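Asker: Could you have a look at this structure, given as structure tokens, before my questions?
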Amino acid sequence: MTAAPRLDKTAQSVALAVLRHGPIARAELARRLGLSSPSLTRLTKELIKARLIRERPAEQRAATGRPSLPLEINGEAAQFIGIKIVAGTAYGVVTDLRGTVLDRRRIGSRARVPSSFLGRVVELITDLRAEYPRVSGVGVGIGGPVLDGSVVQYAHFLGWGEVDVGAILSAAVGLPVTVHNDVKALTLAQHWFGAGRGCRSLVVITVGVGFGCGLVINDALVDGDRGISGEIGHWQLLADGPECGLGHRGCASVLLTSSALAQLAGQAAGTTFTFAEFLRLAREGDPTVGMVLDTSAYQLGLLVARIADLVAPERIVLCGDGVEFAMIGAEAVWNGLRDHRSMVAEEDDLIMEELDFYDWARGGAALAICRYLVG
């Protein structure tokens, strides 16, 4: 285990900038951070001595003058474990300080009692640490709001409420453990290491069994009061649409989740479908299923437009275990977005990306990296 460095706020900002934008020349780094050359030289010397950053081989960018020595994060400085918890399974990855995935594995459990399930998570962490002894922290993503980076207020899909996951795991494995909502953890990973790298503002929308939204504004992940920002699952999209279990008519959760899509298609066809069957029939060009898919994809575009108008992000990422339906209906998604987007907005940078649960687990690793660098 590598002890977390003790850095002041300015040194933290330098380390994070190199992490997110490196390899980066000193002149560009100073410009981004508004630092003088002497101040940056002092800080980078400190970070190089701490083995957090390092110089790359010289790059000669001009015919005259000294060659540039770009700075990059030293990925070998520490390792981290990221965990994504879903019903019945915990997915784990090991990454280096740059967020590069070094290993991945999962462990199953039928236990519904939090302490029993978390005992299996401890086994997963212990197994990974046996092979990666330089692990310096653990991050956990879980569906539901989380307080103080530790206490899961409620996790609907697990049936958990008021569980101090961070304290339980930290006491068991002897490492700092950071817990956060899984969509927000994924958003952090996308911002630092994924499709949102280099963006100051980002929206991540996850579609699948559930519906979620993560926001980055001015390079900061938005948590909101009690960690409940990005709750878009019950925004109304269709005034005369079906009611969800909470009585909201035509909301995203009753129109766009994987179970809702399968149910809507089944009703239209006079039968029952699983989501996998819904996708297969859509790919095969079934007209009834295709009509449902296009209508729902258009509504998804409307939802994206509303969020984009509110935040005006540089980039929007659509992902999640159900995002294939949006990829099949991409034209309808774009039509819904363009029809409802602000007239003064430019063409949006929208990316649709298939991710697996190990990608979500990487979000947990990003939480651990963040805690390691900035406390």
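Asker: For the chain, take the longest principal axis of its alpha carbons; what is the angle in degrees between that and the long axis of helix 287-311, to the nearest 10 within 0 to 90?
Answerer: For 287-311 against the chain, the angle is about 40 degrees.
Asker: Please compute the net charge surrounding Ser36, taking Lys and Arg as +1 and Asp and Glu as -1 over other residues with Cβ under 14 Å from its Cβ.
Answerer: Combined, the nearby Lys, Arg, Asp and Glu give +4.
Asker: Which net charge results when you count Lys and Arg as +1 and Asp and Glu as -1 among the other residues whose beta-carbon is under 10 Å from that of Gly212?
Answerer: Net charge in that neighbourhood comes out at -1.
Asker: Next question, about the same structure. Taking the Kirkwood radius as the inverse of the mean 1/r across Cα pairs, report the Rg/Rh of the range 77-148.
Answerer: Looking at the range 77-148, the ratio lands at 0.98.
Asker: Expressed as a whole percentage, what fraction of the accessible surface of the range 95-247 belongs to carbon and sulfur atoms when a 1.4 Å probe is rolled over the protein heavy atoms?
Answerer: Here it works out to 51 percent.
Asker: Still on this structure, please answer the following. Once Lys and Arg get +1 and Asp and Glu get -1 on their Cβ, which of Thr274, Gly285, Met352 lies farthest toward the positive end of the dipole of the chain?
Answerer: Met352
Asker: Let me ask something else about it. Report the Stokes-Einstein translational diffusion coefficient (µm² s⁻¹, integer) for the range 138-250, Rh taken as the Kirkwood radius over Cα pairs, at 25 °C with viscosity 0.890 mPa s.
Answerer: This corresponds to a translational diffusion coefficient of 161 µm²/s.
Asker: Here is a follow-up. Name the residue from Val146, Pro57, Ser296 whose Cα lies farthest towards the positive end of the charge dipole of the chain, charges +1 on Cβ of Lys and Arg and -1 on Cβ of Asp and Glu.
Answerer: Farthest along the dipole direction, towards plus: Pro57.
Asker: Also: Could you give me the radius of gyration and the Dmax of the range 84-125, taking only the C-alpha atoms into account and expressing both in angstrom?
Answerer: 11.5, 35
Asker: Also, quick follow-up: Measuring with a 1.4 Å probe in the full set of protein chains, what accessible area per residue, in whole Å², belongs to the chain?
Answerer: 45
Asker: Ignoring solvent entirely, what values of log10 I(q)/I(0) come out of the Debye formula for the range 133-178 at 0.15, 0.19, 0.30 Å⁻¹ when each Cα is a single scatterer?
Answerer: Reported log10 I(q)/I(0), two decimals: -0.37, -0.56, -1.07.
Asker: For a quick protection proxy, order the peptides 194-201, 20-27 by their average other-Cβ count within 10 Å, most packed first.
Answerer: 194-201, 20-27
Asker: Ratio of the range 243-361's C-alpha Rg to 2.2 N^0.38 Å, to two decimals?
Answerer: Normalised by 2.2 N^0.38 Å, the Cα Rg of the range 243-361 equals 1.08.
Asker: To the nearest 20 Debye, how big is the dipole of the chain about its Cα centre, given +1 on the beta carbon of each Lys and Arg and -1 on that of each Asp and Glu?
Answerer: The dipole magnitude comes to about 1720 debye.
Asker: What pairs in Lys9/Lys49; Lys49/Lys84; Lys9/Lys84 have C-alpha atoms more than 23 Å from each other?
Answerer: Lys49/Lys84; Lys9/Lys84
Asker: Rounded to the nearest 5, what is the percent of antiparallel bridges among the DSSP beta bridges in the chain?
Answerer: About 65 percent, rounded to the nearest 5.
Asker: Can you pull the Kirkwood radius for the range 294-375, inverse mean 1/r over Cα pairs, to one decimal in Å?
Answerer: Result for the range 294-375, one decimal place: 14.1 Å.
Asker: Could I ask something else about it? Mind running the shape call on the range 1-119? Use the C-alpha gyration tensor, a ≥ b ≥ c as the square roots of the eigenvalues: rounded below 1.5 for a/c, prolate if a/b tops b/c, oblate otherwise.
Answerer: Cα axes put the range 1-119 in the prolate bin.
Asker: Let me ask something additional. Over all alpha-carbon pairs in the range 43-172, figure out the percentage whose distance exceeds 25 Å.
Answerer: Of all Cα-Cα pairs in the range 43-172, 41 percent lie more than 25 Å apart.
Asker: Quick check: Cα centre of the range 265-301 to Cα centre of the range 98-169, how many Å?
Answerer: 35
Asker: Could you work out what % of the accessible surface of the range 249-330 is carbon and sulfur, using a 1.4 angstrom probe and leaving DNA, RNA and ligands out of the count?
Answerer: For the range 249-330, the apolar C and S fraction of the accessible surface comes to 52 percent.
The values are calculated or read from the model by the stated rules, or taken from the named source; none is laboratory data. Keep in mind it's a predicted model, so treat the numbers as computed, not measured. Neighbour counts run over all protein chains shown; Cβ positions are idealised from the backbone, glycine included. Heads up: the accessible areas ignore ligands, DNA and RNA and are worked out on the full protein's heavy atoms, side chains in. Shrake-Rupley method; radii C 1.70, N 1.55, O 1.52, S 1.80 Å.
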